[in-house]
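Take a look at the structure set out below.
Quick note: the coordinates plus some simple rules give every number you see, no bench work behind them. Please read all numbers here as calculations on a predicted model, not as lab measurements. As a convention, Cβ positions derive from the backbone with ideal geometry for all residues, glycine included, and neighbour counts pool all protein chains shown.
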Amino acid sequence: MAHSLFIQRSRLIFIALVVGTVLTALAYYRKPTWMRALLAQRLPPLYDNFREQEQELPHYKEYATKHIKYFFAPNHPVGMGWGNVMQDYIMMNLLARATNRSFVFDDYVWNSDGSLYSDFNGKPIPSRIPLSAILSGPMVGGEPPPGDNGFRAVSKDFFQSICPYPTVLQVPSINDDRMGRDGNISAADVLDIWVHKINSINDPCLQLGESDNPIFDYWFYGQKTRLLSVWPELSASPIITHWQWSSLIYNAYDNNRHIFDPHAPPPTSEHGYNVTPGCSYYQDIPGLLVLHVRRGDFEGHCKYLCRSNSDWNAFNSFPEFIDQYLLPENDGTLHGDQCLPHCYPSIAQMVQKVSRVRAESKEPLKYVYIMTNGAVSWVDELKAALLSEGEWDQIASSRDLELTWEQKFVGQALDMFIAQRAQVLVGNGWSSLTSNVVMLRMAHGMPPHSNRFW
Ligand SMILES: Nc1nc2c(ncn2[C@@H]2O[C@H](COP(=O)(O)OP(=O)(O)O)[C@@H](O)[C@H]2O)c(=O)[nH]1
Ligand SMILES: [Mg+2]
């Protein structure tokens with residue numbers, strides 16, 4: 001009896017062991033990459049040190065006892081690329097400033113369901129990233145430039161501790177048809193209407209509706225004629241004049257400099273994290289041509305953009321630029337025929353454009369850096385095609401960067417910073433990521449003709 005019980009138990013243990021091993025192996029080898037990463041305990045970073053610092057900014061003590069008015073827009077776009085989110089952050093900061101309120105910053109939120117991690121094409125990513133892991137400077141509570149009397153920004157947590165019961169302004173109660181997609185009121189006029197409304201509110205604690213659409217919905221940025229109206233105000237705002245990336249980005253930049261700036265002198269103390277206008281971080285890198293090559297989701301997205309006759313994004317259309325996009329309706333061409341080579345150019349089309357841009361550049365271009373979300377093998381093909389058409393001292397891409405685990409998930413900001421310093425940039429007219437770089441380049445005095453488009 002005891003003997004057969006022993007055999008039974010041993011069998012059970014054996015079966016459990018086999019099933020366990022098979023399941024683990026299956027999970028490891030067959031499950032999506034994010035599951036493997038999970039099993040390997042390579043969970044995405046949560047940037048706790050950045051989050052902690054956001055809660056301890058030096059001005060909080062003083063602000064807690066002073067009568068200061070705040071403006072919080074909790075309705076930044078969610079589940080969208082950093083380019084779109086950055087646009088809303090900038091416009092909302094402009095509004096806070098125009099109404100003399102302290103700007104309240106939140107995270108870069110991919111997924112607002114309260115989770116720590118989300119699945120992005122089979123890979124785990126952080127659901128939210130503290131904004132200070134991407135940026136430093138005035139947007140995240142940094143000191144304002146000398147002589148500026150604006151209030152410093154505060155974190156959402158600080159705002160909520162000071163303002164447990166804020167006045168909530170619902171966006172649809174102010175945004176009307178004139179401000180809508182088919183309206184014709186300019187972005188500057190929309191801001192004026194909001195400034196007027198906010199200035200009529202005495203409550204120092206003010207926020208927009210949490211689940212409202214942003215005041216400037218994403219399509220607004222696709223209507224350049226309406227958006228460019230804010231340029232005078234925007235380009236003079238400290239948020240843009242003193243735009244700064246995070247220490248994480250500057251660190252990644254310094255560690256990878258040989259990839260996009262092969263003849264750079266070794267970093268000096270000037271390359272600290274306190275970047276101010278005039279410091280070399282704001283100047284161009286001689287000989288560097290940066291190509292923004294939007295791949296991935298743009299394959300399908302460009303077809304939609306072309307079919308719907310969409311215009312170039314936000315700040316990609318300064319009248320001084322060499323490359324202008326004429327909407328097909330204005331010249332009678334079929335949408336796709338005219339649009340796709342600019343939105344989703346083939347390798348051959350890119351090689352041709354690069355040759356032209358190089359020939360037209362006033363300064364000699366020697367190195368290429370391809371900033372992209374394209375696949376490694378495809379980028380290799382592009383590199384080879386560029387090299388077969390012209391001699392370059394070096395061609396590298398985003399895929400050649402060596403990034404720490406924390407830097408990996410904010411890599412787009414490093415690419416933007418590199419593009420900011422290119423001698424010449426070829427961008428994608430429909431991309432908000434390109435537009436944000438072009439906007440910073442224009443505000444920091446790069447020549448307009450150095451901004452080119454596919
Ligand atoms: N690292 C890197 N990521 C990019 C690049 N272009 C696009 N991406 C990724 O794709 C997203 C694109 O979305 P978004 O920033 O909204 O720009 P848009 O879609 O081009 O308007 C970015 O946030 C990045 O995650 C690039 O050049 N470099
Ligand atoms: Mg986008």
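Exposure here means at most 16 other Cβ atoms within 10 Å; with GluC sites (Glu not before Pro) in a DSSP loop as sites, the longest stretch of the chain lacking them is 57-209. Here's the list of aspartates and glutamates a cross-link from residue 362 could span, going by alpha-carbon distance under 17 Å and ignoring same-chain residues fewer than 8 apart: 284, 320, 323.
Using every pair of separate Cα atoms, the Kirkwood estimate puts the hydrodynamic radius of the chain at 24.1 angstrom. On a straight-distance basis, which aspartates and glutamates could pair with residue 408 in a cross-link, Cα separation under 13 angstrom, same-chain partners fewer than 8 positions away excluded? Straight-line reach from residue 408, under 13 Å: 400. Taking 0.36 nm per residue of separation and subtracting the Cα-Cα distance, full extension of the segment from residue 348 to residue 297 would add 16.3 nm. Here's how it looks for residue 205: its modeled amide H is under 5 Å from those of 70, 167, which are all 5 or more places away or on a different chain.
Bridges between two residues of region 48-238, per DSSP, are antiparallel at a rate of about 35%. Contact order for the chain, expressed relative to its length and based on alpha carbon pairs under 8 Å spaced 6+ residues apart, stands at 17 percent. Database remark: amide H of residue 370 closer than 5 angstrom to the amide H of 291, 396, 397, 398 (H placed geometrically; neighbours at sequence offset of 5 or more, or on other chains; Pro and chain starts carry no H).
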